[in-house]
1. Where in the range 174-229 are there strands (runs of 3 or more DSSP E), lying fully within it, with 3 or more residues that are within 16 Å of the ligand (Cβ to nearest atom) and either open to solvent by 60 Å² or more (accessible area, probe 1.4 Å) or not small (Gly, Ala, Ser) (or both)?
2. Hey, can you tell me all the residues within the range 146-166 that are touching a residue at least 24 places away in the same chain (Cβ under 8 Å) and either more than 14 Å from the ligand (Cβ to nearest atom) or assigned to a loop (DSSP other than H, G, I, E, B) (or both)?
3. For residue 248, only one of the following conditions fails: (1) part of a loop (DSSP other than H, G, I, E, B); (2) within 12 Å of the ligand (Cβ to nearest atom). What is its number?
4. Could you run through the range 77-96 and say how many residues are buried (at least 20 other Cβ atoms within 10 Å of the Cβ), farther than 20 Å from residue 253 by Cα and modelled with pLDDT of 90 or more?
5. What are the pairs with Cβ atoms under 6 angstrom where one residue, in the range 171-199, is in contact (Cβ under 8 Å) with a residue 24 or more places away in the chain and the other, located anywhere, is of a type in the set (Asp, Glu)? Sequence gap at least six, or different chains.
6. Filter the range 110-145 for residues that are open to solvent by 60 Å² or more (accessible area, probe 1.4 Å) and within 16 Å of the ligand (Cβ to nearest atom) and give the result.
7. Can you pull out the residues in the range 16-74 that are at pLDDT below 90 and among the charged types (D, E, K, R)?
Amino acid sequence: MDMKNTIFRLLIVIFIIAFFNSMLLEKLYNREDKLKYIQIKTMEEAERIAEFNVTDESIKEIKAYCDTNDIDFIEFFSSYMKYNNYEVDSVSYDYNEEYYQGVNDIDAVKKLYSMVLSDIQYFPIPKNKKDDSRNYWYCNSWLADRSYGGERKHYGTDIMDTENERGYFPIVSMTDGKVEKIGWLELGGWRIGIRAEHGGYFYYAHLDKYAKGIKKGSSVKAGDIIGYMGDSGYGEEGTCGKFEVHLHLGISLPIEYISDEFWINPYWILRYMEDSKITKSF
Ligand SMILES: [Zn+2]
């Protein structure tokens, strides 16, 4: 093989490597750029925010502290979470202004928490005016293994009807908002996705049926009945009975750079909202 030929081939190989490298770099660069834009420095930080690892009692204590001292709840909550590396089991009473001042770059975190906490008004299951003895239960199953449709993780909370009766529990919207998605999904069954004012997407899945008049683009008020708890999903349209009757509640935030769907753990939020139920007769 002559020398020229070898050099030529080498150049082509180098060119190809450089080309793919630059594509990769550009992708990384764009991603970094967007990360900077919302000021969350690492994916690890985003994942910790998504875990929403703060007990309902802690959220309540922080809220009460803010109300008493006339402090902006979202701002203080964001600072407090970030300061504690996004994990709060119990609130220590000696916190003070230092928490605020020690935490910089809080805008992005504030925006994320605001999408979750600013719009929620009601627990998704109402209190029954006629008979409040019927129970439901749920646990923290964030990222638990799921196998239907391939190995995957659980990105929500399942609220189970103890009597496993489809259509018994009405489901109300936790927020004001617009019905962005409605209809059948193989995984979610009859589902509704409602976009709340600050940007959070509240996803209610496996419904038995929808409330009358609900359609894509409808405006809903917090506390409006949007459908009924069921066991739809895991198959072609209309499939039900593949699992126990429950509401799958998911909350996702519109953060393009992470993925199309950035879900956060609704478990502690639901616990926090247990005291905020609307009363209905059913
Ligand atoms: Zn679920």
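The values are calculated or read from the model by the stated rules, or taken from the named source; none is laboratory data. Remember, it's a predicted structure, so these values are computed and weren't measured experimentally. When we count neighbours, we look across all protein chains shown, and the Cβ atoms used for this are built from the backbone with ideal geometry, even at glycine. For the accessible areas, the whole protein counts, side chains as well, though only heavy atoms, and no ligand, DNA or RNA atoms are used. Shrake-Rupley method; radii C 1.70, N 1.55, O 1.52, S 1.80 Å.
1. Working: elements: 177-185, 189-195, 201-210, 225-229.
Result: 189-195, 201-210.
2. Going through the range 146-166, the residues touching a residue at least 24 places away in the same chain (Cβ under 8 Å) turn out to be 148-149, 155-166.
Hits for the range 146-166 are 148, 149, 155, 156, 162, 163, 164, 165, 166.
3. Only one criterion is unmet by residue 248, namely (1).
4. Of the residues in the range 77-96, 1 are buried (at least 20 other Cβ atoms within 10 Å of the Cβ), farther than 20 Å from residue 253 by Cα and modelled with pLDDT of 90 or more.
5. Note: pairs meeting the criteria are 173/224; 175/119; 184/237; 196/119; 197/119; 198/119.
6. Matches in the range 110-145: 137, 139, 140, 143, 145.
7. 26, 27, 31, 32, 33, 34, 36, 41, 44, 45, 47, listed by residue number.
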